[in-house]
Amino acid sequence: MTSISFRSYWKNISPIYFLACASLLVLSTSRLAYALITAAALIWVYSLTSLALSSSGKFLPKTGRPILYAFIASFIASIYLFLLWLIFPLCALETFFIITLTPVLYISKDFNTLSVKKAPVQAVLDSLYESFTIGILILIFALIREPLGFMSLSLPGIRGITLLFSAGVNDFFPIHIFASTGGALLLLGYFLGFYGYFSKKAKQKEEK
């Protein structure tokens, strides 16, 4: 069990980390296929980078550590991208830029909270919790945006994305705004509003 709580995690993130997370959320949730690839990339990058940093943190030089962190995270993300290209080459091309943002998200955290000083097991568990949290949020956004914006659901495939179903525009009128960047930002605003409301209610209940 990790020592990070859901509320403390979202409460203590820095503005830079939130900006990187919001950018990844907007770019990766237009299709469920992209969201699945991004969620898997987050789990891969977070867990393996944390394992590498916690195992070798004592041996890393003190000067230039941010550059080393960025190099390690980017190298691990490139391995994921290479494996994805071997399995789903077209999906790898379509999500190339999105995957390159996953190490940016990892290293945008406060360097004092990175996994250098943690035990390897604890570092991996904390990173898995964090990546699962963001990954589930990405999947929820994709499950809202794609059905409303395109009237479809998709999965990664060898020939690109594979549609599980697709309703024609003559049958339904898709709300195209949810497929756009503005729609993603609108959903993000609703999420932050609901989160702030329920967080305030929970805080008031604790004080009573």
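FYI, it's all coordinate maths here, none of it is from the lab. Predicted model only: the values in this text are computed from it and were never measured. A quick note on method: Cβ atoms are made from the backbone with ideal geometry, for glycine too, and the neighbour counts reach across all protein chains shown.
Worth pointing out:
- Likely footprinting exposure, R31, R65, R159, fewest C-beta neighbours within 10 Å first: R159, R65, R31
- Here F191, F165 are placed in order of increasing Cβ neighbour count within 10 Å, fewest first, which gives F165, F191.
- Under 5 Å, built H, 5+ apart or other chain: amide partners of G160: L90, C91
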